[in-house]
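Following: one structure in structure tokens, then a few remarks.
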Amino acid sequence: MQEQFGRDRCFNTPLTEQGIAGFANGLASYGMTAVAEIQFADYIFPAFDQIVNESAKFRYRSGNQFDVGGLTFRTPYGGGIAGGHYHSQSPEAYFTQTPGLKVVIPRNPEQAKGLLLAAIRDPNPVIFFEPKRLYRASVGEVPAGDYQIELGKAQVVKQGRDITVLAWGAQMEIVEKACERAEKEGISCEIIDLRTLAPWDVDTVAKSVTKTGRLLINHEAPLTGGFAGEIAATIQQECFLSLESPISRVCGLDTPYPLIHEKEYMPDELKTFEAIKASVAF
Amino acid sequence: MSNAPLTNETVHRVSFLDKASLHIPILRILQADGTTYENAVLPVIDKTLAEKIFDTCVFTRVLDERMLGAQRQGRISFYMTCTGEEASIVGSTAALDKDDVILAQYREHASLRYRGFSTEQFMNQMFSNEKDLGKGRQMPIHYGSRELNYQTISSPLATQIPQATGVAYGMKLQGKRNVAICYFGEGAASEGDFHAGLNMAAVLKAPVIFFCRNNGYAISTPTEEQFAGNGIASRGVGYGMHTIRVDGNDMLAVLAATQQARAHAIEHNAPVLIEAMTYRLGAHSSSDDPSGYRSKEEEAKWQQHDPVKRFKLWMINKGWMQRS
């Protein structure tokens, strides 16, 4: 990238996440397009103030005189790489509670390109979480041309009748496998990739749940305070009379991300499969 | 490597450096009686500029008195004065081009006035009315003006420091011959953002002037409880940038330092740190009472160093103003 775009535009920085975020805020406030990379989402916390108090409020606090709309943060998140508690966290919910930020998480390389281009061109600051265990594991065709995938839109990746299974990022592979198992037992699953967590596509999810009557949400972050809770609260409000069973959450455990117990921690295929069966049998 | 430590001497017994190892002089041009020091090198200044500087100082002092009174009467919720620091603020802003971007902390409204913010605009902001450029979303004194290249104030301290580095880097990428100036206090210089912003500016070569108003107090915390090093200036040297300490109550010293800092920043795409030694004559804010942490004697001593009076005497000596 340095050879293609020059060292002035693509460069290393001193090792300071708050500096990277602050610098990116300033650069974007001067009308530039800034893509700031935080090496691991586990290390985004020194930049939390710059993101939550500055990026998210730049336009608001100035009465739309200044903004950092050209700013996108890229950061790898999530576990499954034997990285322990400082190379595995999924901190998306800390940011979804901050009005002024968009939060995007792609599930595969083709989605990543289209969503990242949309994030960079979106006139608001975006945090783009990249599922790091897919960097090496995921193989997929990526169109060569310029294309964007609209932010704020979930995608129904598989139609089904009996239950809606909702996830994002690397967990999409997991829920797809769980749904394959369920299909073999005669349960028809509708699978949705949320793709954008803030603002999230309530309509697509509510429409699906109205049809299926059941919802399971899967995410890697710990259960308590995770984004599944927000989705569950909204969907029970929107779809109360259509629900056939309680909304189910299959999430990470409420513990620091464990190194040797990673497999137990993960909301894996079998936990998801069991929860699908329990929901349908309720 | 060009940035390798500049060690060209080897010793064979333990020998530590201390803060006295770094000799930092203070720039003074204007004496208390309004005359300049012998051999002093004056900034570029003519009568028109001097009058604009003086008028801005007088306006700000009147504004501060009236609005602090308005706050005491319950007409506005909050206020902060820049009394005592006018030379630091106005003297530095007067060295800039109108397209240079100002990222202030909160006590720099004199700088906004210098750029042309109207009395009505000040009132609109403080009264949070429908004409406020910030749409009534922030507490009084959190001004911002796109037109005047004055970025909107953010309450969290020091966040503007790395941002100023980013703004300046954007100027460099766009081929502008401008600088960003970043104001902050010596208390804010304890925040991580200070260190991040200065180091990035030096390493990435951003044309930014870091202007520290070392006014003695971070609300109630005195400097001796804020840092143990040789002021803030010593840190600029540590980060590898041009650094100067000036008498912040000396309008001509501040103006001269900032004029030359600006020229250096643009010519070399490099940051400069200015530490202005001054004193916050007023309270931190309308919510603060300094009598709990500093003496009347100390305040009275600094009253003697009033920066506006000193500059006025100089203008009278120059024949640019009538004695009144």
Completion exercise
From highest to lowest solvent-accessible area (probe 1.4 Å; ligands, DNA and RNA excluded), A:Phe58, A:Phe48 read A:Phe48, A:Phe58
Practice task
Distance between Cα centroids, segment B:1-45 to segment A:144-206: provide it in whole Å.
Solution key: 64 Å
Handout entry: Protection-proxy order for peptides B:174-185, B:81-92, each taking the mean of Cβ atoms within 10 Å per residue, highest first
Key = B:81-92, B:174-185
Problem - Cβ-Cβ FRET estimate between B:Gln73 and B:Arg294, R0 fixed at 30 Å, reported to 0.05 - result: 0.70
Exercise for the section: For A:Lys211, list the lysines whose Cα falls under 25 Å from its own Cα; do not include residues on the same chain fewer than 8 positions away. Expected result: A:Lys153, A:Lys158, A:Lys177, A:Lys184, A:Lys271, A:Lys277
Practice task
Within the set of other residues whose C-beta is less than 12 Å from the C-beta of B:Arg213, count the net charge using Lys and Arg as +1 and Asp and Glu as -1.
Solution key: -3
Problem - Highest-MSF residue in chain A out of A:Ile231, A:Ile163, A:Ile260 [GNM, Cα springs under 10 Å] - result: A:Ile260
Practice task
Output the residues of segment B:154-178 meeting this criterion: accessible area (heavy atoms, 1.4 Å probe) in the chain alone minus accessible area with all protein chains in place is 40 Å² or greater.
Solution key: B:Gln163, B:Gly166, B:Tyr169, B:Leu173, B:Gln174
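Chains B and A: how much accessible area gets covered up at their contact, both sides added, probe 1.4 Å, in Å² to the nearest hundred? Display every interim value, and only then the final one.
Values: alone 16010 and 14090 Å², together 27250 Å².
It comes to approximately 2800 Å² buried between B and A.
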Fill in the blank from the handout: Judged on accessible area alone, 1.4 Å probe, highest first, A:Tyr135, A:Tyr257 line up as A:Tyr135, A:Tyr257
Practice task
Would you work out which of A:Ile191, A:Ala233, A:Ala281 lies farthest towards the positive end of the dipole of segment A:155-281, given +1 charges on the beta-carbon of Lys and Arg and -1 on that of Asp and Glu, about the Cα centre?
Solution key: A:Ala281
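Could you provide, to the nearest whole Å², the per residue accessible area of chain B with probe 1.4 Å? Before the final figure, lay out each step's value.
Working: 14620 Å² over 324 residues.
So chain B comes to 45 Å² accessible per residue, rounded to a whole number.
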Practice task
Give the share of C-alpha pairs in each 5 angstrom bin for segment B:225-308, from 0 to the last occupied bin, in whole percents, shortest bins first.
Solution key: 3, 13, 17, 18, 18, 14, 10, 6, 2, 0
Completion exercise
Rounded to one decimal in nm, the spacing of the 7 Å Cα→Cβ label points at A:Arg136 and B:Ala263 is 5.7 nm
Exercise for the section: Would you mind checking the tilt of helix B:192-204 against the longest principal axis of the Cα atoms of chain B, expressed as 0 to 90 degrees and rounded to 10? Expected result: 60 degrees
Practice task
Identify the residues of segment B:238-264 with backbone N under 16 Å of a label point that sits 7 angstrom from the Cα of B:Trp320 along the Cα-to-Cβ direction, or state none.
Solution key: B:250-259
Problem - Accessible area, probe 1.4 Å, largest first, for residues A:Phe240, A:Phe11 - result: A:Phe240, A:Phe11
Exercise for the section: Please determine, in degrees from 0 to 90 and to the nearest 10, the orientation of helix A:109-121 with respect to the longest principal axis defined by the Cα atoms of chain A, where the helix direction is its Cα long axis. Expected result: 50 degrees
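How much length, in nm to one decimal, is gained on full extension between B:Ser190 and B:Ser15, taken as 0.36 nm per residue of separation minus their Cα-Cα distance?
Numbers: separation 175, 0.36 × 175 = 63.00 nm, distance 2.78 nm.
So the extension gain works out to 60.2 nm.
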Handout entry: Nitroxide proxy distance, nm - points 7 Å out along Cα→Cβ at A:Tyr43 and B:Met123
Key = 5.3 nm
Practice task
Determine the per residue accessible area of chain A with all protein chains present and a 1.4 angstrom probe, expressed in square angstrom.
Solution key: 45 Å²
Exercise for the section: Summarise the accessible area of chain A (1.4 Å probe, protein heavy atoms) by the percent that is carbon and sulfur. Expected result: 52 percent
Problem - Where labels lie 7 Å past Cα in the beta-carbon direction, separation of B:Glu51 and A:Ala233 in nm - result: 6.2 nm
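Which of rounded, prolate, oblate describes chain B, given a ≥ b ≥ c as roots of the alpha-carbon gyration tensor eigenvalues and a/c under 1.5 marking rounded, otherwise prolate only if a/b is larger than b/c? It would help to have the intermediate numbers written out before the result.
Numbers: a/c = 1.43, a/b = 1.32, b/c = 1.09.
Rounded, since a/c falls under 1.5.
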Exercise for the section: State the Cα centre-to-centre distance between segment B:206-233 and segment A:208-269 in whole Å. Expected result: 49 Å
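The values are calculated or read from the model by the stated rules, or taken from the named source; none is laboratory data. Everything quoted here is computed from the prediction, not taken from an experiment. Every residue, glycine as well, gets a Cβ built from its backbone with ideal geometry; the counts of neighbours run over all protein chains shown. Note: accessible area is taken over every heavy atom of the protein model, side chains too, but ligands, DNA and RNA are not part of it. Shrake-Rupley method; radii C 1.70, N 1.55, O 1.52, S 1.80 Å.
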